[in-house]
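Here the structure comes first, spelled out in structure tokens, and everything after it is commentary.
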Amino acid sequence: MGEQEEKKSAKKEKIPRQKMAEQEPKERIKNFQEVPYGFTPEQAMLEASRCLKCKKPKCVDGCPVNINIPEFISLIEQGKFIEAAWKIKEQNALPSICGRVCPQEEQCEKLCVLGKKQKPVSIGYLERFVADYERASGKIQLPKIRPKTGKKVAIVGSGPAGLTAAGELIKLGHDVTIYEALHLPGGVLVYGIPEFRLPKAIVQAEVEYLKALGVKLEVDVVVGKTITVDELFEQGVDAMFIGTGAGLPQFMDIPGEELNGVYSANEFLTRNNLMKAFKFPEYDTPILRGKKVATIGGGNVAMDSARTALRLGAEKSYIVYRRSRAEMPARIDEIEHAEQEGIEFHLLTLPLEIYPNEQGYVKAMKCQRMQLGEPDESGRRRPVPIPGSEFIMDVDIVIVAIGNRPNPLIPQTTPGLQTQKWGGVIADEATGKTSREHIYAGGDIVTGAATVILAMGAGKKAAYAIHKELTGEDLSASLPKGENKQE
Amino acid sequence: MPSKIISNEKIAPEIFKIVLVAPQIAKKHRAGQFIILRVGERGERIPLTVVEKDPQAGTITLIYQVVGKTTMWLSDKKAGEELQDLVGPLGNPTEIENFGNAVAIGGGVGCACVYPIAKALKEAGNHLTIIWGARTKEHLLLEKEIAEISDRLEICTDDGSKGTHGFVSEVLKRMIEQKEKIDYVIAVGPVPMMRAIVELTRGPGIRTVVSLNSIMVDGTGMCGSCRVLVGGERKFACVDGPEFDGHKVDFKNMMTRLRVYKEFEDLAKEKYQEERGR
């Protein structure tokens, strides 16, 4: 840290990092509404004033989509909230989503210079604030679209990678169509992430924004089945981006996983989020409501599942995780929210078997206590069973949230598209280019289950690579600043 | 995307035939594949087998039995109205080849699933025996169509109102006992029927394929709701099936999983019937 910034850091110490007001845990476990209310304008300006305005901002280095963070924060400080939102949108088409689900503590905020002495600027909460402010104001600004190139690009999957790629390519003048297998666009943002963490109206608004830019959307189309990749090319598509995600749930391979009441996290969350099973019988899709629910896993998806179970009326909702809290991949915010709501954490605990009642529904789960041994290939200490530590847990629903493999539909139906042994599509990290000409891929289908923002970063890189292939213009070095105009 | 209804009529007690506009599905569908539909905004997603397609007209035909709310709601839809969503074709097509002597067995509404497969088997050159079962003669489906494609046709009814008095499995049992040459069996129907069939063919080692109608949500491998145990391994009916080697399927588990939402289904149906009555 430079000397000058060090001084500023000392001077600004008086203003604490602002916190968003939240629904009380006791109340929120009875509903599916969003937990934080967001900043007030005053809070946002106060928080923005904490920024040191570093000459060489480290935070930007931590952002997978290269948002000009100090500039948008400076606009907030001046009370120019809408301008701040537009500044973000130059680089990121989905700020109200990223402001909510990005792991900022691992990215921009981790590198914030202020964070060395005190708490970093809450960049994520500020991003969320201005994006919401813009949406509420109705002054949604459409960026300038380049003249039509006449090139057709197909985007397969409308999750974060696909939406981002579509947003970039439409601005560059290409004809863009997104194909979505489900009946609603958004991918994991809609079927996976619960309403209380990411309201579906927000995802809908972001999709509407893309449509307003000219992106075409076709739902209920399973590429690989309804139409194959090769058929799309025969129909005149010039290039394609595949962002079909990690949609194939993994199970533990322990006895009893086929019992009634054992869900993959994908199924549990899809029934609830996409199909609105929490509103049964107003909505038709059912979901089992347990009294004692065990969610296996330590990631964000596990937290989402355990907190959803609580909102569906569980008396007890447990997280069962084989390592310790330090190794949990979930965001700190999510773990804290789960704890506040009364989720019980059974750490260093490994499920061994699930037992049925007479009707074939879950009755109990046998677990074993673990202790941490030597670090494994992931660098985390390997959990080792403690002999003789088996015990029975009384549960009636088990949710398996231990990860997903890439969805196989496109690799299976696209000759020449090379995949890794574990099923992921092989794609160049910098461009998303696959083994097939004109086909690019990014997001979880390439990396395995990761984060929304990494998928968005991959979508953006691939969009520029596609643009380069179609027009010869290289944007990868200088990301476009996108002159804005008021519509 | 939404799909327009061309016609929707009752063809047997509680059984309906619906013709839908679906050009892309009509073009791509192959025997054994299914679709997923949603009747309306708040509806659930249900899988149904495609019975016939007309790529020229751009239409597909489904046959369904009114069991719960969704199928009852579907049966109330009129020609000219639209279904909220229709997606497909999903699942793997049946592996069709000239096996020699093929036996296609349908029970109840499962006959709707068997018919296109039987037709494809016939077209591939098989000597085709069809064993067709229903509760009564009124419940028999697609009789004219199967008469046209079968080399030999055995009709069974539970009440004896037409053909053999008894189950389809009894006809197959007789064929096996009489040492008739059977190279391939496809059976679709209620789980107990499929289970009875595979037990008969297991001893003589006759290749037997069954099509499983598991509970599904997305139908693309994403949720795992449709998982079944096949040879002790977990398979997803939507992307690994819907057809499996019948000798390896754990039907007991399948049966249990099909009942998982029974209470909910009854409640939803009751509520819909009340609304409908008003």
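Laboratory data are not the source of any read-out in this text; all were calculated from the coordinates shown. The structure displayed is predicted, hence computed values, not measured ones. Positions of Cβ are generated from backbone atoms using ideal geometry, with glycine treated the same way; all protein chains shown enter the neighbour counts.
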How much space per residue, in cubic angstrom, does the convex hull of the C-alpha atoms of region A:250-292 take up?
81 Å³
In peptide A:278-285, how many Cβ atoms from other protein chains are near each Cβ within 10 Å, on average?
6
Strictly over 27 Å apart at the Cα level, which of A:56/A:116; A:363/B:262; A:421/B:119; B:77/B:271; A:276/B:271; A:55/A:171 would you flag in this model?
A:421/B:119; A:55/A:171
In whole Hz, what ³J(HN,Hα) sequence does region B:213-228 give by Karplus (6.51, -1.76, 1.60; θ = phi - 60°), x for Gly and Pro?
9, 5, 6, 10, 10, 7, x, 10, x, 7, 9, x, 4, 8, 5, 9
Based on the Kirkwood radius over alpha-carbon pairs, what value in µm²/s does the Stokes-Einstein equation return for the translational diffusion coefficient of region A:251-402 at 37 °C and 0.692 mPa s?
210 µm²/s
Pairwise centroid distance, computed over Cα atoms, of region B:1-65 with region A:203-238, Å
23 Å
For region A:3-137: relative contact order, % (alpha-carbon pairs under 8 angstrom, 6 or more apart):
27 percent
Between region B:77-95 and region A:380-445, what is the C-alpha centre distance in whole Å?
30 Å
According to a simple spin-label model (label point 7 Å from Cα along Cα-to-Cβ), what is the distance in nm between residue A:468 and residue A:376?
3.7 nm
Along its principal axes, what span do the Cα atoms of region B:101-211 show, with the longest given first and each in whole Å?
34, 28, 24
P(r) tail for the protein assembly as shown, what percent of Cα pairs lie past 37 Å?
46 percent
Quickly work out the residue B:153-to-residue A:42 label distance, labels modelled 7 Å from Cα along the C-beta direction, and quote it in nm with one decimal.
8.3 nm
Suppose we look only past 19 Å in the calculated P(r) of region A:299-368. What percent of the Cα-Cα pairs does that tail hold?
38 percent
How high is the relative contact order of chain A, in percent, with contacts defined as C-alpha pairs under 8 Å that are six or more residues apart?
16 percent
At a temperature of 10 °C and a viscosity of 1.306 mPa s, determine how fast region A:3-137 diffuses translationally according to Stokes-Einstein, using the Kirkwood radius over alpha-carbon pairs as Rh; express D in µm²/s, rounded to the nearest whole number.
105 µm²/s
Which log10 I(q)/I(0) values does region A:377-431 give at q = 0.15, 0.17 Å⁻¹ under the Debye formula, counting every alpha carbon as one identical point scatterer?
-0.78, -0.85
Within a 10 angstrom radius of the beta carbon, how do A:28, A:17, B:227 rank from fewest other beta carbons to most?
A:17, A:28, B:227
Can you tell me the relative contact order of region B:101-211? Whole percent, Cα pairs under 8 Å, sequence separation 6 or more.
29 percent
Taking the inverse of the average 1/r across all pairs of different Cα atoms in region B:3-90, what Kirkwood radius in Å do you get?
12.7 Å
For an R0 of 22 angstrom, estimate the FRET efficiency from the Cβ-Cβ distance between residue A:359 and residue B:270 and round to the nearest 0.05.
0.55
Average projection area in nm² (convex hull over Cα atoms of chain B, one quarter of hull surface):
14.4 nm²
In chain A, which whole DSSP H runs stretch at least 24 Å along their own axis (Cα) and average 0.5 or higher on the Kyte-Doolittle scale?
A:452-471
Pop a pseudo-label 7 angstrom from the Cα along the beta-carbon direction at both residue B:27 and residue A:430 and give the gap in nm to one decimal.
3.9 nm
Output needed for region B:196-256: three equivalent-ellipsoid semi-axes, defined as square roots of 5 times the C-alpha gyration tensor eigenvalues, in descending order, whole Å.
22, 10, 9
